[in-house]
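Student: Next up is a structure, given as structure tokens.
The values are calculated or read from the model by the stated rules, or taken from the named source; none is laboratory data. Because the structure is a prediction, the values reported are computed rather than measured. No Cβ is skipped: glycine too gets one built from the backbone with ideal geometry, and neighbour counts run over all protein chains shown.
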Amino acid sequence: MKKNRKRKERIEYRISNKEQGISKLSKIFESPVFDKLLKSLFLVRYSLFNSFLVLCSIFILAACENDLEEVNQAISQDDLKYETMQDVELLYSDSAILRVKVMGDKMLRYLDTKTPTQEFPEGIEVDFFDLNGRTQSVLTSKYAIRYEKKNEIIVKDSVVWKSKRNERLETEELIWDEKQNKVYTKKFVKITRPDEIVYGYGFEADQDFNQWEINAITGTIKVDGLTDEFKE
């Protein structure tokens, strides 16, 4: 009986201790101090989360700014590649005498310092003059490009060159050498004169179209023997 009584007392004592512990914990949880502690922990976690969001935002904004800078740099560089001009007229003089006039509806002037060029995407007309200012020949094409450092103009697409002597050259490409005052090509050419039509490959002439030659003549047709269908 005594043993049972002691055991019972121990059990009751343990139960009593547990109840006291629970009661103390309840008081702690309900205390203002514990409430402040919870709020502090929440604020710390909230502050850390906000800091993380701020850091992420900073990285994202920095990346976006870098991307925008790259885009703006690319656009600005692209804009600086060339400038557009309308109704262009280039004049070439020798000893204050006008010798050549180049005209184009539109010109793109590329600003590359290594290979500065002027492009005429809508075609070109070149008038050649003698020392007295009289027109010697007129050259036209649907496209042209001028290389400044080479002092050379290449005309392409439906190229037609007419002289004052009523001679007409037709080809797909001509090169005008500004330094040597000559015009030439390696392409196929057709020259129509008052009395004949000459076909061949390779052509060279002075810029006034007074003297010219075809490197390899492939055919000649006398105009007197042509029907109206073949006459220009």
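Student: Which residues, taken from the stretch 98-138, are in a loop (DSSP other than H, G, I, E, B) and over 12 Å from V88 (Cβ atoms)?
Tutor: L111, D112, T113, K114, T115, P116, D130, L131, N132, G133, R134
Student: Something else now. Please determine, by comparing only the residues of the stretch 177-190 that are touching a residue at least 12 places away in the same chain (Cβ under 8 Å), over 13 Å from N210 (Cα atoms) and of a type outside the set (S, T, Y), which one is surrounded by the most Cβ atoms within 10 Å (Cβ to Cβ).
Tutor: V189
Student: Being of a type in the set (D, E), surrounded by 14 or more Cβ atoms within 10 Å (Cβ to Cβ) and under 25 Å from R99 (Cα atoms) narrows it down to one residue among D157, D206; which is it?
Tutor: Checking each option against the conditions leaves just D206.
Student: I've got another one for you. Taking R146 as the residue in question, decide whether it is modelled with pLDDT of 90 or more and surrounded by fewer than 16 Cβ atoms within 10 Å (Cβ to Cβ).
Tutor: Here the answer is no, as R146 does not meet what is asked.
Student: Inside the stretch 160-176, can you point out the residues that are surrounded by 15 or more Cβ atoms within 10 Å (Cβ to Cβ) and of a type in the set (K, R)?
Tutor: K162, K164, R168
Student: Looking at L108, L53 in this structure, which one is over 30 Å from A205 (Cβ atoms) and either at pLDDT below 85 or under 17 Å from the mean Cα position of the chain (by Cα) (or both)?
Tutor: L53
Student: Counting only residues that are farther than 20 Å from G123 by Cα and in a strand (DSSP E or B), how many does the stretch 152-193 have?
Tutor: Final tally of qualifying residues: 6.
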